[in-house]
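Participant: Sharing a structure with you now.
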Amino acid sequence: MRNYTWLAALASVAAVIALCAGCANKGAQQAAGGALGVGAGRAASGGAASGEVLAYIPCGMTATMKPALKEWKTAHPEITITEYYETGSILAGKIVEKGERPDVLLSAGSAEIGTVEAAGLADPKERRTLGTFKMVVVVKKDSKLDLNTPEDLLKCKTITIAEPPINSSGVASKEALEKLGLWTELEPRIVKLRHPAEAYEHVVSGKADATVCFNACPLDTNPEKMSRSQVRVCFELPPDSYTAQHVYVSVLKDAKNAAAAAVFCDWLAKDGQKVLVENGMPTPETPSGVPETAAAAPAAPRVRGRGRREPGR
């Protein structure tokens, strides 16, 4: 594959590393367009959608969503989007196990939103696709390993992935290695970690030789912990070896402001696409991989880690 392709992929993966390092242990709620108010968030009776919409967003999407929400505020000042950021699997657990009820859920992959759908809290038919991920293998920048094909992973002593079935990247990683006939031999060397951030951290710290992960996840915070200069992309896994993983947005069934939430989701999938792509969202194309089915939703994850709700700043 051409060098410029890997340079682009490296920038995307390095961005993943930067924010994931800072989001596995912290969530933050912020208002885009106004302060929270008691009873806010319901559409005006008999009128156009308005009020507050609470959106649960994977913290890996912070850098992409901030510019989008700024543009949204200009286009729709009548609807205030309140953001809550946390690791995707934790967000799903908060909804399913803790009974939290946002209006909107964004999901970086099918596992997290599939958990919520399997619990009957979201309708698979309501999913809107915002972007598409590909799977790559990443090593530390100064690694001596020469990895160019999936079979080269056999050179590694330790490989990390995000824990399946609660993390979409982990689900896709395992599926790909199984279809490529490598899982059985590699499994004793694979360390499954709670969150994607931990998988990256193990590579950067030298605890693991490589990680299998998404090539893009639009994020860019905490660069002092894991600089983009610390890793490199080795190769992309064949797209027909794993189920296509997309960025999804959906209105939850118990949304307090379903009308306004639907307007927001529709905007993200249409008018908001330009600003999303400009700020790191992988384009919403469907890769040539295995078609995705909502029936493959995993069991609800157990919540691990804590998020913090903070007033908008």
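Laboratory data are not the source of any read-out in this text; all were calculated from the coordinates shown. From a predicted model like this one, the values you see are computed outputs, not experimental measurements. Every residue, glycine among them, receives a Cβ derived from its backbone with ideal geometry; neighbour counts consider all protein chains shown.
Participant: Once fully extended, how much extra length lies between K66 and E278, figured as 0.36 nm per residue of separation less the alpha-carbon to alpha-carbon distance? If you can, show how the numbers build up before the last one.
Facilitator: Working: separation 212, 0.36 × 212 = 76.32 nm, distance 1.20 nm.
In short, 75.1 nm is gained.
Participant: Quick one: L147, L186, L153, fewest Cβ neighbours within 10 Å first, how do they rank? Please report the intermediate quantities before stating the final value.
Facilitator: On the way: L147 21, L186 17, L153 24.
Ascending Cβ contact count within 10 Å gives the list L186, L147, L153.
Participant: I would also like to ask the following. Got a sec? How would F214, F235 order by Cβ neighbour count within 10 Å, fewest to most?
Facilitator: Details: F214 26, F235 18.
By the 10 Å Cβ count, ascending: F235, F214.
Participant: Based only on other Cβ atoms within 10 Å, what is the fewest-to-most ordering of S107, S241?
Facilitator: Values: S107 30, S241 19.
Placing the least packed residue first, the sequence is S241, S107.
Participant: A further question follows. For W183 and A48, what does the FRET efficiency come to when R0 = 45 Å and r is the distance between their Cβ atoms, rounded to the nearest 0.05?
Facilitator: Numbers: r = 52 Å, r/R0 = 1.15.
The pair W183/A48 has a calculated efficiency of 0.30.
Participant: For T74 paired with K253, estimate the spin-label separation in nm (one decimal), with each label point 7 Å from Cα along the Cα-to-Cβ line.
Facilitator: A separation of 3.9 nm, rounded to one decimal place.
Participant: What number comes out for the charge environment of Y248, summing +1 per Lys or Arg and -1 per Asp or Glu over other residues with Cβ under 9 Å away? Please report the intermediate quantities before stating the final value.
Facilitator: Working: positive: R127, R128; negative: E112.
Net charge around Y248: +1.
Participant: What FRET efficiency do you get for T158 and K98 if R0 is 45 Å and r is their Cβ-Cβ distance, rounded to the nearest 0.05? Don't skip to the end; give the middle numbers.
Facilitator: Working: r = 34 Å, r/R0 = 0.74.
The pair T158/K98 has a calculated efficiency of 0.85.
Participant: Among 54-66, 199-211, how do they line up by average Cβ neighbours within 10 Å per residue, starting with the highest? The partial results should precede the final answer.
Facilitator: On the way: 54-66: 25.5, 199-211: 21.8.
In descending order of packing, they fall as 54-66, 199-211.
Participant: Within 12 Å, Cβ to Cβ, of P150, how many net charges do the neighbouring residues add up to if Lys/Arg are +1 and Asp/Glu are -1?
Facilitator: Working: positive: K155, K179; negative: E151, D152, E178, E185, E236.
Every neighbour counted, the sum reads -3.
Participant: Amide H of V53 versus every other amide H placed in the peptide plane: which residues, excluding those fewer than 5 positions away on the same chain, fall under 5 Å?
Facilitator: So V53 has HN proximity to T80, I81, T82.
Participant: What does the C-alpha gyration tensor say about the overall shape of region 59-110? Classify as rounded when a/c is under 1.5, otherwise prolate if a/b is larger than b/c, or oblate.
Facilitator: Numbers: a/c = 3.00, a/b = 1.66, b/c = 1.80.
It comes out oblate by the Cα gyration axes.
Participant: Moving on to the next point. Taking 21 Å as the cut-off for C-alpha to C-alpha distance, list the pairs among K98/K270; K98/K174; K155/K179 that go past it. Let's see the in-between values first.
Facilitator: Working: K98/K270 32 Å; K98/K174 28 Å; K155/K179 19 Å.
Result: K98/K270; K98/K174 exceed 21 Å.
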